[in-house]
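Here the structure is laid out as structure tokens; the discussion comes afterwards.
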Amino acid sequence: MGRIAILGGTGPEGLGLGMRLTLAGEEVVIGSRRPERAARVAEEGSERLRSVGCTRRLLGAENGRTIAGADLIVLSFPYSGVRELLPQLAAVLAGKVILDLVNPLVLEKRVFRTAPLPAGSAGEEIQSILSESQVVSGFKNQSAEELRNIEKALRGDVVVCGDHPEATARVLQLIARIPRVRGVDAGALVNARSLEAITALLLNLNRRHRAITSIEILGLPPS
Ligand SMILES: NC(=O)c1ccc[n+]([C@@H]2O[C@H](COP(=O)([O-])OP(=O)(O)OC[C@H]3O[C@@H](n4cnc5c(N)ncnc54)[C@H](OP(=O)(O)O)[C@@H]3O)[C@@H](O)[C@H]2O)c1
């Protein structure tokens, strides 16, 4: 498989996933709006990886410069970046598989909920901006804290959805390389609405029970 670029990978979610994928043997580049920050965070991640005996390194570069050599691009920035960053990158992202992690959440009266979006979900909005790319929504319900805790195996299921079966298969193949977690194909991208709402629920559970929750789907036939 080709290189993986993580736009906004300097945040805890992207860096956590980047470390997990590097441990799984993938070549990962952390992207940032500022190249020096990308380099510093990639070095911090590489040090964490060394501490668990992994000699592979994370690379770092400005967001736009991570894309050329990558065949899978992870979007791991806040929802505000969807409109600020993606329109200018649409041409270079054409033909690429896009893994969307974005949760458009708001906190109102101490309760998380999804922001009402005209497109229905961040995943659908991203697909409409990146109309020549193949968007798969996934890892929306995996907390950064769990991803970053690389001493421990990830828990739960990674539910993914998208309107391009080959792209979804590519992401499921990637998930299969991460020990212990299971990738679950939810079908069409419209399911991103539900994945994003589940994240709001998990965050409300986390606050209420002082926990880090995740999801696991019961009743599926063995794959
Ligand atoms: N945190 C979690 O537990 C979690 C769980 C599941 C999904 N997610 C989703 O994953 C995404 C990343 O989460 P996170 O907690 O890592 O986010 P974050 O720390 O708030 O942001 C990640 C990075 O995005 C870049 N960024 C910030 N604003 C931007 C903008 N307007 N345009 C472009 N880039 C911008 C910043 O990097 P530079 O300044 O270096 O460019 C920042 O380090 C979010 O959409 C979140 O909803 C998070």
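The set of residues in the stretch 6-43 that are out of contact with any helix residue (DSSP H, G or I) (no Cβ under 7 Å at 6 or more places or on another chain), within 7 Å of the ligand (Cβ to nearest atom) and in a loop (DSSP other than H, G, I, E, B) comprises GLY11, ARG34.
In the stretch 56-82, which residue that is near the ligand (Cβ under 10 Å from one of its atoms) and among the β-branched types (Val, Ile, Thr) is farthest from the chain's Cα centre (by Cα)?
Residues of the stretch 56-82 that are near the ligand (Cβ under 10 Å from one of its atoms), as a first pass: 60, 62-63, 74-82.
Now restrict to residues that are among the β-branched types (Val, Ile, Thr): 74, 82.
Working: VAL74: 6, VAL82: 14 Å.
The qualifying residue farthest from the chain's Cα centre (by Cα) is VAL82.
Just one of ARG177, ARG210 is surrounded by fewer than 18 Cβ atoms within 10 Å (Cβ to Cβ), in contact (Cβ under 8 Å) with a residue 60 or more places away in the chain and either in contact with a helix residue (DSSP H, G or I) (Cβ under 8 Å, 6 or more places away or on another chain) or of a type in the set (Lys, Arg) (or both); which is it? Explain how you work it out, then say what you get.
Numbers: ARG210 fails: in contact (Cβ under 8 Å) with a residue 60 or more places away in the chain.
Within the list ARG177, ARG210, the selection yields ARG177.
Does SER131 satisfy the criteria of being polar (S, T, N, Q) and either assigned to a helix (DSSP H, G or I) or within 24 Å of GLY2 (Cα to Cα) (or both)? Break it down into steps so the answer makes sense when it comes.
Numbers: polar (S, T, N, Q): yes; either assigned to a helix (DSSP H, G or I) or within 24 Å of GLY2 (Cα to Cα) (or both): yes.
For SER131, the condition - polar (S, T, N, Q) and either assigned to a helix (DSSP H, G or I) or within 24 Å of GLY2 (Cα to Cα) (or both) - is met.
I need the full set of residues from the stretch 140-158 which are among the β-branched types (Val, Ile, Thr) and within 19 Å of ARG210 (Cα to Cα), in order please. Within the stretch 140-158, none qualify. The number of residues in the stretch 181-206 that are farther than 23 Å from ARG20 by Cα and either surrounded by 13 or more Cβ atoms within 10 Å (Cβ to Cβ) or at pLDDT below 95 (or both) comes to 10.
The values are calculated or read from the model by the stated rules, or taken from the named source; none is laboratory data. Quick caveat: nothing in here was measured; it's all calculated off a predicted structure. Positions of Cβ are generated from backbone atoms using ideal geometry, with glycine treated the same way; all protein chains shown enter the neighbour counts.
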